[in-house]
Amino acid sequence: MKTPVKNDNSDNVVDFFSGKSFSELHDQRFIRLSAELDGLEMLYSNESNPDKLFSLKILCWGLRANGDVVGLVPWLNDIVACTDVFDPLNGQWEGYYDAGIDEVFFDAPMHKIIELETAAEYYELECENDDDVVQELPDTIGTHAVLANPANHQLTLVEVVSWRLLHDGSIYGMLTDADKVSSTPVLPGDECLYSAQQHDEFRYFFQHQIANKIKAEDPEALAAISMLVEETP
């Protein structure tokens with residue numbers, strides 16, 4: 001059997017949006033996920049409050065094709081690596097946080113690294129298509145998606161059931177299509193699930209604290225979400 005020869009041309013082709021070469025993007029794709037079940041958090045700072053640190057629950061840990069392991073959080077309209085969170089207005093990553101022992105750290109926990117590397121080796125899959133499902137994890141942090149209907153100017157909050165990892169490294173938050181539910185409870189992998197990020201009305205992800213304020217019609221929360229939605233093209 002012939003050994004495939006790497007085509008170095010991919011190093012010279014740059015993705016327009018990320019500014020990274022295609023080979024670099026390929027190496028940074030996620031190949032395995034592990035749920036965060038011990039309450040570890042991401043710390044981030046905000047330009048509007050330079051003297052404060054804020055926290056978000058980490059959803060899971062992801063193993064990249066290049067071997068890096070990072071925490072992942074729903075952030076604005078996608079799920080992103082904690083270390084990649086950077087926006088002058090919306091915050092930037094400052095580290096990981098273990099509230100149980102009041103400790104800040106900057107690398108993935110060793111037990112998660114071992115778990116992901118072992119699982120990736122054990123469950124090595126042969127996929128033919130980029131959209132083949134590699135893994136699907138239940139949402140454990142109460143993530144909600146905001147859908148906006150431009151026709152009637154209504155906002156809808158929908159609970160995220162699970163997160164689906166595809167062969168190309170994409171990760172999608174999965175929502176329930178109520179018209180297609182055939183049995184309950186709706187579980188990861190159910191045929192009635194659809195991708196939030198690929199839905200025309202999808203705008204943002206929120207963790208349960210903000211989602212509950214919106215459900216309770218908190219004036220400040222409603223004003224903030226309305227402003228975000230209006231700014232979305």
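Computed from the coordinates by the stated procedures, all read-outs in this text should not be read as laboratory data. If you're wondering where the values come from, they're calculated on a predicted model, not measured in any experiment. In this analysis, Cβ positions are derived from the backbone assuming ideal geometry, glycine residues included, and neighbour counts consider all displayed protein chains.
Under 13 Å of direct C-alpha separation, and excluding same-chain neighbours fewer than eight residues apart, Lys52 reaches these aspartates and glutamates: Glu94. Using the average count of surrounding beta-carbon atoms within 10 Å as a protection proxy, the listed peptides 44-52, 155-163, 124-132, 194-202 rank, highest first, as 155-163, 194-202, 44-52, 124-132.
Straight-line reach from Lys57: which aspartates and glutamates have Cα under 13 Å away, leaving out those fewer than 8 places along the same chain? Those aspartates and glutamates meeting the cut-off are Glu36, Asp38, Glu41, Asp98, Asp139. Ranked from largest, the principal axis spans of the Cα set of segment 107-204 equal 49, 32, 26 Å.
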